[in-house]
Amino acid sequence: DMVFDYNSPSAVQDIKTATDDQLGLIFDCVGEKNSPSFCFEAMGKSGGKYSSLLPPTTECPRKDIAISMVFAYTAYGEAFAKFGHEFPAKMEDYVYASRFFDICEVLLAEGKLKSHPIAREPNGLDGILDGLHKLRAGQVSGKKLVYSV
């Protein structure tokens with residue numbers, strides 16, 4: 001495992017060096033601001049697949065990178081609307097998610113999978129609005145806000 005600080009001016013080159021410029025799969029858990037561009041730059045010389053939780057905010061300048069999005073909403077096996085588009089139910093995603101969640105439950109119990117650190121926030125339901133403001137302002141990083149109700 002390797003960790004890179006995306007704020008470092010040498011981060012893209014550090015990734016290319018560490019991967020011998022062969023990085024071919026990127027899952028972007030941020031998906032906004034300069035994150036897609038950073039990922040496109042870090043992709044290896046042969047291209048590959050980029051997947052994100054959100055639609056990319058910038059167009060990919062490379063034709064050798066296939067772009068896709070992951071919608072957790074499809075895990076429910078129901079149709080939904082998002083980003084101005086209608087998405088049909090995908091029963092295969094529901095079946096896959098059900099199996100995945102069963103595996104995750106075992107891995108969590110065995111300590112092989114760990115969640116993000118949590119930050120217990122005050123004021124129950126009333127505090128959630130403050131948490132949303134913090135998220136929008138970019139004041140939350142590397143932790144999950146938790147409110148007891």
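The values are calculated or read from the model by the stated rules, or taken from the named source; none is laboratory data. Because the structure is a prediction, the values reported are computed rather than measured. FYI the Cβ positions are ideal-geometry reconstructions off the backbone, even for glycines, and counts take in every protein chain you see. Each accessible area value is taken on the protein alone, full model and side chains, heavy atoms only, with ligands, DNA and RNA left out. Shrake-Rupley method; radii C 1.70, N 1.55, O 1.52, S 1.80 Å.
I'm trying to understand the selection: among the residues of the stretch 46-61, which are surrounded by 13 or more Cβ atoms within 10 Å (Cβ to Cβ) and at pLDDT 90 or above?
Hits for the stretch 46-61 are Gly47, Gly48, Lys49, Tyr50, Ser51, Ser52, Cys60.
Looking at the stretch 59-77, which of its residues are free of Cβ contacts under 8 Å to residues at least 24 places away in the same chain, in a loop (DSSP other than H, G, I, E, B) and out of contact with any helix residue (DSSP H, G or I) (no Cβ under 7 Å at 6 or more places or on another chain)?
Glu59, Lys63, Asp64, Phe71
Based on what the data block shows, is Asp21 open to solvent by less than 50 Å² (accessible area, probe 1.4 Å), acidic (Asp, Glu), at pLDDT 90 or above and out of contact with any Lys or Arg (no Cβ under 6 Å at 6 or more places or on another chain)?
No; evaluated as a whole, the condition is false for this residue.
Is it the case that Phe83 is at pLDDT below 90 and more than 19 Å from Glu32 (Cα to Cα)?
The answer is no for Phe83.
I need the full set of residues from the stretch 96-141 which are under 29 Å from Asn7 (Cα atoms), under 17 Å from the mean Cα position of the chain (by Cα) and either open to solvent by less than 90 Å² (accessible area, probe 1.4 Å) or not small (Gly, Ala, Ser) (or both), in order please.
Leu113, Lys114, His116, Pro117, Leu135, Arg136, Gly138, Val140
Could you please find all residues in the stretch 90-149 being over 23 Å from Tyr76 (Cα atoms), of a type in the set (Lys, Arg) and free of Cβ contacts under 8 Å to residues at least 24 places away in the same chain?
Lys112, Lys114, Lys134, Arg136 - these are the residues of the stretch 90-149 that are over 23 Å from Tyr76 (Cα atoms), of a type in the set (Lys, Arg) and free of Cβ contacts under 8 Å to residues at least 24 places away in the same chain.
State yes or no: is Glu92 assigned to a helix (DSSP H, G or I), at pLDDT 90 or above and charged (D, E, K, R)?
Judged against the criteria, Glu92 is a match.
Residue by residue through the stretch 24-43, note down the ones that are out of contact with any helix residue (DSSP H, G or I) (no Cβ under 6 Å at 6 or more places or on another chain) and either in a helix (DSSP H, G or I) or buried (at least 18 other Cβ atoms within 10 Å of the Cβ) (or both).
Gly31, Ser35, Pro36, Ser37, Phe38, Cys39, Phe40, Met43
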